Amino acid sequence: MAFELPKLPYSYDALEPYIDARTMEIHYSKHHAGYVNNLNSALEKHPELKNKNVEDLLKDLDNIPNDIRTSVRNNGGGHYNHSIFWTIMGPKVEEKPFGKLAEKIDKTFGSFKNFKEEFSKAAVSRFGSGWAWLVTDDFGNMSIISTPNQDNPIFFGLKPILGLDVWEHAYYLKYQNRRIEYIEAWWNVVNWKEVENRFEKLA
Ligand SMILES: [Fe+2]
C-alpha cells in the first residue's frame, strides 16, 4: 500500500501568530506531500518493501537496496519527521510539560528553563537544514541531539519524543533568516499533552 499524507490535525491558521497560515499550507501540502510522493516513487522500484511501515524502513536503512537507499533516507525521513511534527504542535496548548515527562526533564536538565535553553541552542546551531530532538535511549536516558537533513533519531536507535524542524521552509516566509525568533515563537505551540503521550509510550 502506498504511503499517504496524514491529515493535519488543525487548520492552516491554527498556529497563528507564531506560525503563519501560508507557511503551514506550503509546508504541509507541498513539502510533506512531496516527501510522501517521492517515497512512493522510490518504492515502485522495489515493491517487496511496500508492506513495511516507514519506521521499519528507516530503522533498517543498511538493508534498503542501494539504488533507493538515499531516497528512502531523505523522503522516508521527511515523511516520518513531519508526521511527528504536526502532532507535537497545536493551538491552545499547555505552557509546559507535566507528569512523568516534567519529572524526567527536571531530573535530566535541572529545570524546564534549562531544557528549553539547551534545546533551543541545538536548534539554532544546527548548520544548514535539519532538526533538533529530545530523545530517550533504550535505558531511559534522555538527551538533546540534532540531525542534518531529514535524518531521524531512530536511525541511531534513539526514540524521538519532541522534534523541531529548522529547515528554512519551516520559517522563512515569516521570519526570513531569523531562525532564533522562529524557535522562540515555536515554544508557544508545543502540544505538551502529545509530547507527554509520546514519552509514556516510547520511554
Ligand atoms: Fe519541514
Review point. Could you state the number of Å between the C-alpha centres of region 1-41 and region 78-93?
Key: 10
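When only DSSP loop residues count, what chymotrypsin sites (Phe, Trp or Tyr not before Pro) in region 113-162 have their Cβ near at most 12 other Cβ atoms within 10 Å? It would help to have the intermediate numbers written out before the result.
Values: sites: PHE115, PHE119, PHE127, TRP131, TRP133, PHE139, PHE155, PHE156; in loops: PHE127, PHE139.
When the chymotrypsin sites (Phe, Trp or Tyr not before Pro) of region 113-162 are filtered for loop state and at most 12 Cβ neighbours within 10 Å, PHE127, PHE139 remain.
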Check your understanding: Could you give the angle, 0 to 90 degrees to the nearest 10, between helix 77-87's Cα long axis and the longest principal axis of the Cα atoms of the chain?
Key -> 40
**Study point:** Placed amide H near ASN191: partners under 5 Å, 5+ positions off or other chain
**Key:** MET89, GLY90
Check your understanding: Just the Cα atoms of the chain: what Rg and Dmax do they give in Å?
Key -> 16.7, 49
Check your understanding: So how much accessible area does ARG69 have, in Å² to the nearest 10, using a 1.4 Å probe?
Key -> 80
Check your understanding: Can you list the aspartates and glutamates whose alpha carbon is less than 19 Å from that of LYS121, not counting same-chain residues fewer than 8 positions off?
Key -> ASP106, ASP151, ASP165, GLU168, GLU181, GLU184
Review point. With each run of n ≥ 4 DSSP H residues scored as -39500 (n - 2.57), what mean residue ellipticity at 222 nm is computed for the chain after dividing by its residue count and rounding to the nearest 500 deg cm²/dmol?
Key: -12500 deg cm²/dmol
Practice item. Starting from the amide H of LEU15, placed 1.01 Å from N in the peptide plane, find each other amide H under 5 Å away whose residue is 5 or more places distant or on another chain. Key: none
**Study point:** Percent carbon-and-sulfur accessible area, region 1-57, ignoring ligands, DNA and RNA, probe 1.4 Å
**Key:** 50
Practice item. Would you pull out the residues with amide H under 5 Å of TRP167's amide H, same chain only if 5 or more places away, H placed 1.01 Å from N? Key: GLY130
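Working from the alpha-carbon coordinates of region 99-202, get Rg over Rh, Rh being the Kirkwood radius.
On the way: Rg = 13.4 Å, Rh = 14.1 Å.
With Rg and the Kirkwood Rh in hand, the quotient comes to 0.96.
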Revision key, fill the gap. Any lysines whose Cα falls less than 26 Å from that of LYS30, other than same-chain ones fewer than 8 residues away, would be LYS7, LYS45, LYS50, LYS52, LYS59, LYS92, LYS174
Review point. So what J values fall out for region 119-131 if you push phi through Karplus, 6.51 cos²θ - 1.76 cosθ + 1.60 with θ = phi - 60°, rounded to Hz, Gly and Pro as x?
Key: 5, 4, 5, 4, 6, 6, 8, 5, 6, x, 9, x, 9
Point to revise | Which of HIS31, HIS82, HIS169 is most accessible, then next, and so on - probe 1.4 Å | key: HIS31, HIS169, HIS82
Exercise for review: Provide the per residue accessible area, probe 1.4 Å, for region 82-203, rounded to a whole number of square angstrom.
Suggested key: 48
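The values are calculated or read from the model by the stated rules, or taken from the named source; none is laboratory data. Being a predicted model, the structure only gives us computed values, none of them experimental. Every residue, glycine among them, receives a Cβ derived from its backbone with ideal geometry; neighbour counts consider all protein chains shown. Accessible surface areas use protein heavy atoms only, side chains included; no ligands, DNA or RNA. Shrake-Rupley method; radii C 1.70, N 1.55, O 1.52, S 1.80 Å.
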